[in-house]
Structure formats: C-alpha cells, structure tokens
There are 2 protein chains.
Amino acid sequence: METVWVVGVGMTRFAKSDRSLRSLAVEATAAAVEDAEMQAGDIEAAFVGNGAAGLVTGQEMIKGQLMLRGAGIEGIPIFNIENACASASSALHLGWQAVASEMHDVVLCLGAEKLTHEDKTVGMRAISAAADVELLAERAAALGAEDAEDAAKRSYFMDVYAELTRAYMARSGATAEDFAAVAVKNQHNGGLNPRAQYGGDFTIEEILASRTIVEPLHLLMCSPISDGAAAVVLMSDAAKRRFGRPGARIRASVVVSGSRHDDSDPLAGSTGRAAAAAFEEAELEPTEIDFAELHDASAPAELMLYEQVGFASAGEGPALLASGKTALAGSMPVNASGGLLSKGHPIGATGLAQICELTWQLRGDAGARQVEGAKVGLAQNGGGWIEGDSAAMAVHILSSK
Amino acid sequence: METVWVVGVGMTRFAKSDRSLRSLAVEATAAAVEDAEMQAGDIEAAFVGNGAAGLVTGQEMIKGQLMLRGAGIEGIPIFNIENACASASSALHLGWQAVASEMHDVVLCLGAEKLTHEDKTVGMRAISAAADVELLAERAAALGAEDAEDAAKRSYFMDVYAELTRAYMARSGATAEDFAAVAVKNQHNGGLNPRAQYGGDFTIEEILASRTIVEPLHLLMCSPISDGAAAVVLMSDAAKRRFGRPGARIRASVVVSGSRHDDSDPLAGSTGRAAAAAFEEAELEPTEIDFAELHDASAPAELMLYEQVGFASAGEGPALLASGKTALAGSMPVNASGGLLSKGHPIGATGLAQICELTWQLRGDAGARQVEGAKVGLAQNGGGWIEGDSAAMAVHILSSK
C-alpha cells in the first residue's frame with residue numbers, strides 16, 4: 001500500500017454562525033489548498049462529509065458538489081459520505097483508501113456542517129436523526145406531554161450519554177467532580193485555540209453550577225450546537241515529493257460499525273475494536289501515543305474513552321485524568337484543541353477538525369496549545385447510535401514522519 | 001489491481017409500495033447474499049446508497065447501518081454514500097475500489113429508496129433536492145402563484161429534461177414520435193421483467209395521448225415515482241474461487257462530476273467524459289458493447305445518451321433508434337430491463353438495479369428479456385443537476401468473463 005500523507009489542512013473557526021454551509025466549506029477548502037501550496041485544479045477526487053444539511057437547509061443531495069463548485073472544483077469524482085458525527089472521518093478513510101490503493105495521488109477530504117437555524121429545535125432534531133427515528137418517535141409517544149416537550153429541547157444523544165454515565169459511575173466510582181474536571185481541562189485548552197467556539201478558565205464549581213441538561217450532565221459538560229468546516233489534502237509519497245511540502249503520515253485509518261456487546265467490557269464496543277485494529281495497522285502500542293483527540297461530545301465520555309481506546313484499564317479513567325497526564329502540560333495531552341466540548345461540534349466536520357489538530361501538532365504549528373514532543377497522535381470520532389453502540393466509529397493514527 | 005466480480009445480485013420489484021425502506025433493503029440484501037450462496041457474516045464491508053430518506057422518512061443519518069441491522073449485518077465498516085440518482089453506482093464504485101485495492105475480498109453494495117409518501121408532494125420535493133435548492137427557491141419565488149403551484153406538481157428534473165429536449169429537437173430534428181418510440185420499446189421490455197413497476201405493449205399514439213407533464217414530455221415519457229432496493233456482492237478473484245460461484249467481471253468503474261461545458265458537443269458533458277474513461281479503462285470500443293442500460297429518466301434522454309456514450313454520432317440518436325438496433329431483438333439492445341421509464345426509478349437504487357440486470361444478462365438468467373449473445377454490457381447512471389450538467393455520472397462496463 002502507498003504511504004499517505006496529510007499535506008494541507010484548513011478549517012473555519014467553529015461557532016454559531018450566520019454564514020451558509022457553502023461559505024464555510026469554501027473557506028476550509030481554500031485554506032487546505034493554500035496550506036498545501038497547490039491549486040484547486042490539482043485535486044483528483046473529493047470525499048465530502050456532512051450529516052444533517054437535508055434537515056437543516058433542505059439540501060438533501062449533491063451537497064459536496066455544490067460546496068466544491070464554490071471553491072472552483074468541478075468535473076472530478078466527488079462522493080458525499082455520511083456516517084453521522086463520524087461523517088468527516090469516514091470521508092477521510094475513503095480518501096485515504098483512494099490514495100493508499102494508488103487510484104489517486106491527490107485527494108481532498110472535506111467535512112462541513114451547519115446546525116444553527118432560526119428555529120432552535122431544528123439543530124436538536126437534526127442531531128437526533130443520527131439515531132433510529134422510528135424508535136425516537138415511539139419513545140416520544142410513550143412520554144407524557146410535558147416530558148416529551150422537555151426531551152425535545154435537548155438532543156437525544158445527551159439522554160444516551162446520561163444513561164451511559166450513570167452506569168459508568170456505578171462501575172468506576174467516577175463522580176460529577178471528575179466530569180467537571182474534564183470540562184475544566186478542555187475549556188482551558190480551547191481558550192488557547194483561536195478556532196474554538198468557546199474556551200477559558202473555569203473552576204469545577206462553575207461547571208457544576210451550570211444548568212442541568214439531564215442528570216448528571218450539566219450544560220458545560222455537553223458539546224454545543226456549532227457550525228463549521230474542516231478540510232485536508234491527502235497525497236501519495238510521490239505527490240508529496242512533487243509539491244515539496246511537509247506532511248503528517250497516516251499510520252492507521254480504521255472505520256467500523258457498532259454491534260451488540262457486553263457494556264461492562266470497555267474493549268468490547270466499537271471504540272475498542274476500532275482502536276485495537278488501528279494500533280495493529282500502525283504497529284504501535286497505546287503507550288507510544290504522544291497525544292490524542294477523543295470524541296468528548298459529553299465530558300464523561302472522555303473518561304470512558306480513555307478506557308475504550310486503551311489508555312487506561314477498566315475503571316481507571318478518573319485516575320488517569322487525576323494524574324494530570326492528559327492535561328496540556330502532561331505526558332499525553334488529550335483534546336489539546338479543546339475537544340468537542342470547547343472547540344465545538346459541527347457534527348459532519350468534527351472528524352476532520354481532529355485531523356487538522358493532529359497535523360498542526362505534528363508539524364509544531366499549534367501555537368499556545370503546542371504539545372511538546374508531539375511525534376505520534378491518535379484521533380477517535382464516533383457517530384450515531386443503534387442498540388447500545390455507536391453506529392460508526394473511526395480511529396486514525398498519524399505520525400510526524 | 002485485483003480483478004473484481006459481481007457474484008451475487010438481488011433486487012425487489014420496483015413499485016409504489018406500502019413497505020418501509022428497511023424492509024425493501026433487507027429483501028434485496030438477503031437475495032444478493034443467497035444468490036452468492038454465502039452468509040451475511042462473510043461480508044467484510046458495505047457501501048450503501050440512498051438519496052432522499054431524510055426528507056421522506058426523517059432518517060437523515062446512519063441509514064445504511066439501520067437497513068443492514070435488519071439483515072443481520074453489524075460491526076463491519078459501513079459507509080452511507082449519496083450522489084442523488086447516481087447514489088447506488090457511486091456506492092458500487094467505492095465498493096469496487098475496496099476490492100480492487102485488495103483492502104477487502106467480499107463487500108456488499110446496496111441501494112435503496114422509498115419515494116412514495118401519503119403526501120404526494122413529498123416525493124417530488126425530495127427528487128428536486130437533487131438540484132440546488134437555493135436556486136429552486138429563487139425560481140419558485142419568481143413564478144406567479146399559479147405557475148409555482150403547477151411546477152410543484154412535478155419534479156424539477158422534468159423541467160430540466162424538457163429544456164434539454166427542446167434544444168435537442170432543434171439540433172437533431174428528433175420528434176415527439178421518436179421519444180414515444182423510446183417509451184414503446186422500453187415499456188415492451190419492462191413487460192417481460194417481473195421486477196418492473198410497469199410494462200406492456202403501447203402504441204406511439206397511446207404514449208402521445210398520455211397527459212402532458214411539461215412540453216414536449218408526456219406522462220409515459222417520464223420515469224415514475226418508485227420504491228425499491230437493489231444489492232450486489234462483489235468479490236476478489238480469490239474469494240470468487242473460494243465460494244465457487246459464477247460472476248460478472250467489472251471491466252471499468254468510473255464516476256465523475258459535472259462541469260460547465262459546450263452543450264452542442266455530445267461528448268463534452270459528464271456522460272461523454274465518464275464513458276470515454278470507462279472505455280479506456282476496459283480497453284474496449286463502443287462497438288464492442290453487446291447491450292446497455294442507460295439512464296432514461298425521460299424518453300428523450302435515451303436518444304441523447306446514445307450520442308453521449310458514443311453509440312451514435314451527434315444528431316444520429318433518432319436514426320439509431322429507428323434502425324431497430326437498440327430493440328430487444330436488435331444487435332445492441334438498450335434498456336432490456338425496461339429502463340427507468342418502465343422498470344421504475346427509486347433514485348438511490350437505480351444504479352445497482354442496472355448492475356443486477358447486466359449480471360443476469362451476462363449469466364444468461366434474464367428469462368423472456370434475455371439478450372442473445374450478451375458478453376459485454378454497459379450501465380450509465382447520472383445524478384443531480386448543477387449549471388447544465390449532471391452533478392454525478394457513473395459508467396460501468398461488465399463482461400461475462
């Protein structure tokens with residue numbers, strides 16, 4: 001298989017925005033092309049991730065072609081890829097496959113999402129369409145009117161996370177203070193990232209004082225509604241030499257779907273399977289990872305993910321956090337970018353925003369949030385929910401050479 | 001590159017149906033798996049095409065994972081692929097790439113669509129979302145109330161086809177009778193296909209007597225609203241030997257996107273470019289094709305496609321039809337299945353339904369509509385519309401060995 005490099009990266013700031021999906025996508029694409037010091041016309045194929053534009057803007061189809069037309073890209077193969085919140089990393093995987101297999105030398109992977117809408121319930125309903133909408137309708141019908149109205153104000157996924165969190169607390173002894181400490185860490189990091197939606201220095205008490213979304217999750221433990229786009233240019237070894245630019249090497253690219261499994265075993269679910277496959281593909285151990293971007297759509301998720309990816313033993317997520325190892329100044333920083341909690345979570349863009357962060361860190365371009373000695377990074381990005389597991393799960397490992 | 005074979009094929013009957021999208025998808029998947037004499041558990045990855053479920057059922061995301069769960073398939077990599085009416089052939093292309101590149105040995109490609117809805121305008125609006133919905137909104141706003149109401153009763157694509165047809169008539173001298181003759185041919189073929197939505201023996205006068213949708217298109221010159229699903233199992237050479245089943249060999253798999261071009265040159269648009277690339281990949285000439293499935297979403301399109309694919313010179317589409325060569329008993333039958341006009345057009349399933357037909361024909365399993373001496377077949381499938389060209393265009397060439 002051909003070695004594949006991430007050569008150009010670009011992303012918009014993530015934010016609640018008045019801008020159109022296309023405008024965001026064009027900005028990220030142009031930034032990635034410029035970062036690679038190439039022309040849009042050098043791109044041979046494009047893989048475009050988006051989750052919810054059909055429900056938010058009505059543009060159910062040919063989203064990528066319309067986005068890329070605005071960036072001056074037409075004629076080439078363009079594929080619209082959807083895997084809910086893992087849409088962008090699924091687009092990356094298929095772009096990687098196109099270069100690794102020597103079918104193309106230079107491809108663009110783009111993820112873009114617009115979730116804000118003048119009707120605030122639209123974004124929440126759109127995110128909930130990453131679960132089985134037939135089951136959601138049954139669930140809503142079974143609730144009383146008041147409870148149903150209450151539930152409609154939040155995404156279904158926060159109900160899922162709340163349930164997972166209660167089970168995790170029982171299993172590991174994790175506390176609300178632990179979850180707040182994740183939010184404190186990631187908001188601190190986001191404050192150092194000019195592209196993050198939020199960020200700043202909070203206390204544990206401030207996080208716990210934010211309003212309850214659904215027990216035990218408080219507002220500042222939940223990723224926000226965001227708009228944004230992220231893009232990367234992938235190149236073969238030969239193309240990278242031709243363009244003469246530095247890059248980050250893709251050591252592993254794995255996407256799996258979820259399955260019914262034993263919840264009490266952190267390694268049995270889709271994250272555990274995808275991470276194990278990625279470590280095997282990269283011929284690396286979890287201890288060899290210098291830093292990671294994990295899918296902290298809720299703060300407790302980061303602790304569970306420590307265990308599922310293999311950074312901590314079962315039940316040891318809170319201890320890993322408490323050790324300071326995953327803080328920005330620690331020996332294996334997690335979510336140096338601010339993560340989904342602080343950087344924001346435009347669902348179809350998130351996976352590639354993680355890859356932008358890995359690339360900046362590996363090139364030493366991450367400014368105030370630079371991870372010292374960043375040589376190998378891991379990104380984990382999940383999407384959707386079916387019967388107790390993510391519908392799609394992606395793990396990528398990149399290295400500086 | 002590894003040789004890739006279509007080994008198992010399956011499709012539902014296309015029809016206006018009371019059944020759910022999932023039920024249709026499960027039937028097609030199970031039929032393809034059974035046809036390959038394998039188990040669902042042998043599938044290593046799946047590529048699922050759908051166009052409009054977000055707008056029709058609200059299931060905007062993780063469509064493929066939910067469809068395949070019903071067929072007992074979970075855990076493996078699953079990708080949701082959208083390219084409007086070319087969604088299924090785009091899924092096929094990416095599945096082909098996964099096997100051709102030796103990343104997988106056995107993959108499933110599935111296309112499924114449900115367009116019927118108790119509100120009849122939903123299907124029309126969904127199909128129109130394969131164009132730029134911002135432009136459609138501007139266009140509707142510019143129309144008077146009565147014209148806007150009238151336009152909303154048909155898909156935007158019939159307006160596009162009507163405009164293309166008027167230009168084609170001026171350029172080629174094609175007449176309404178020529179278009180009716182395409183419908184007569186394809187309805188005849190569909191009458192021999194147990195999976196076709198319609199079909200039967202019509203006269204040219206009967207086609208012309210059906211109501212006008214938009215000049216010069218009559219109802220029986222337009223593909224209908226349909227529900228349905230089609231699936232194929234792709235295998236590497238090694239896997240095909242292991243399972244010991246006959247198959248159809250993929251000689252070329254090409255997907256391109258549209259671009260601004262000179263309309264008067266039939267070879268300049270996306271179909272011409274995709275077909276030329278496919279003939280080059282297959283190392284074949286148009287004269288070596290024994291039969292073809294072309295994207296006759298409207299009857300006049302088939303004549304234009306004769307020229308764009310390279311079966312006829314510019315302006316010679318009507319003459320090729322009149323020669324009888326493309327009739328079922330001719331030397332190069334086109335749309336032996338009935339085509340989109342008669343078989344039906346569940347948009348995200350159409351491209352793989354064409355591949356099912358090619359495979360049945362190449363195996364000699366096409367029953368009353370069997371093409372004599374079918375050794376090499378071509379399928380052409382387009383999707384979406386941007387600035388005078390299809391948003392996505394796929395051409396596949398398959399051979400019996």
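The set of residues in region A:209-245 that are within 22 Å of A:S337 (Cα to Cα) and touching a Lys or Arg at 6+ places or on another chain (Cβ under 6 Å) comprises A:L219, A:D227. Just a yes or no: is a residue in region A:3-20 facing another protein chain (nearest Cβ under 10 Å), acidic (D, E) and at negative phi? The answer is no; no qualifying residue exists.
The set of residues from region B:92-115 being closer than 18 Å to B:A28 by Cα and either of a type in the set (D, E) or at the interface with chain A (Cβ under 9 Å from one of its Cβ atoms) (or both) comprises just one member, B:E113.
A:A276 meets each of the listed conditions (1) over 15 Å from the mean Cα position of the chain (by Cα); (2) closer than 29 Å to A:R13 by Cβ; (3) in a helix (DSSP H, G or I) apart from (2). Evaluate region A:73-94: report whether one residue or more is farther than 14 Å from B:N80 by Cα, of a type in the set (D, E) and touching a residue at least 60 places away in the same chain (Cβ under 8 Å). The answer is no; no qualifying residue exists.
Is it the case that region B:137-155 has a residue that's closer than 19 Å to B:S226 by Cβ and within 14 Å of chain A (Cβ to nearest Cβ)? Checking region B:137-155: at least one residue is closer than 19 Å to B:S226 by Cβ and within 14 Å of chain A (Cβ to nearest Cβ). When region B:25-55 is limited to residues that are surrounded by fewer than 20 Cβ atoms within 10 Å (Cβ to Cβ) and closer than 26 Å to B:L115 by Cβ, the one that is farthest from the other protein chains (Cβ to nearest Cβ) turns out to be B:A31. Exactly one residue out of A:L328, A:L341, A:L320 is aliphatic (A, V, I, L, M) and without any contact (Cβ under 8 Å) to a residue 24 or more places away in the chain: that is A:L320.
Counting only residues that are touching a Ser or Thr at 6+ places or on another chain (Cβ under 8 Å) and either more than 7 Å from every other protein chain (Cβ to nearest Cβ) or over 18 Å from B:T29 (Cβ atoms) (or both), region B:72-88 holds 6 of them.
From B:P286, B:P266, which residue is more than 30 Å from B:S155 (Cβ to Cβ) and without any contact (Cβ under 8 Å) to a residue 60 or more places away in the chain? Within the list B:P286, B:P266, the selection yields B:P286. Can you name every residue in region A:1-21 that is surrounded by fewer than 23 Cβ atoms within 10 Å (Cβ to Cβ) and either closer than 17 Å to A:T57 by Cβ or aliphatic (A, V, I, L, M) (or both)? If the condition is that a residue be surrounded by fewer than 23 Cβ atoms within 10 Å (Cβ to Cβ) and either closer than 17 Å to A:T57 by Cβ or aliphatic (A, V, I, L, M) (or both), then A:M1, A:A15, A:K16, A:S17, A:D18, A:R19, A:S20 are the ones that fit. A:G247 meets all of the listed conditions (1) crowded, with 24+ Cβ neighbours inside 10 Å; (2) under 26 Å from A:G384 (Cα atoms); (3) more than 14 Å from chain B (Cβ to nearest Cβ) but one, namely (2).
Here the condition is being out of contact with any Phe, Trp or Tyr (no Cβ under 7 Å at 6 or more places or on another chain) and more than 26 Å from B:F47 (Cβ to Cβ); of A:G111, A:G144, it holds for A:G144 alone.
Scanning region B:71-88 for residues that are among the aliphatic types (A, V, I, L, M) and farther than 18 Å from A:A274 by Cα returns B:A71, B:I81, B:A84, B:A86, B:A88.
Listed here are the residues, each with its yes/no results for (1) free of Cβ contacts under 8 Å to residues at least 40 places away in the same chain; (2) surrounded by fewer than 21 Cβ atoms within 10 Å (Cβ to Cβ); (3) assigned to a loop (DSSP other than H, G, I, E, B); (4) of a type in the set (D, E).
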position	(1), (2), (3), (4)
B:A141	yes, yes, no, no
B:D150	yes, yes, no, yes
B:T165	no, no, no, no
B:K185	no, no, no, no
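Pairs meeting the criteria (first residue in region B:15-29 and assigned to a loop (DSSP other than H, G, I, E, B), second residue aliphatic (A, V, I, L, M), beta carbons under 8 Å, at least 6 apart or on different chains) are B:K16/B:I225; B:S17/B:L24. Which one is farthest from B:S236 (Cα to Cα) among residues in region B:116-129 that are within 12 Å of chain A (Cβ to nearest Cβ) and among the aliphatic types (A, V, I, L, M)? Per the criteria, the residue is B:V122.
Tell me, which residue of region A:56-71 that is touching a residue at least 24 places away in the same chain (Cβ under 8 Å) and of a type in the set (A, V, I, L, M) is farthest from the other protein chains (Cβ to nearest Cβ)?
Out of the qualifying residues, it is A:A71.
Out of curiosity, is B:S101 hydroxyl-bearing (S, T, Y) and over 30 Å from B:V233 (Cβ atoms)? No; evaluated as a whole, the condition is false for this residue. With respect to (1) on the phi < 0 side of the Ramachandran plot; (2) touching a residue at least 12 places away in the same chain (Cβ under 8 Å), the lone exception for B:A209 is condition (2).
Any read-out appearing in this document is the output of simple, stated calculations on the displayed coordinates, not a laboratory observation. If you're wondering where the values come from, they're calculated on a predicted model, not measured in any experiment. With ideal geometry, Cβ positions are generated from the backbone for all residues, glycine too; neighbour counts draw on all protein chains shown.
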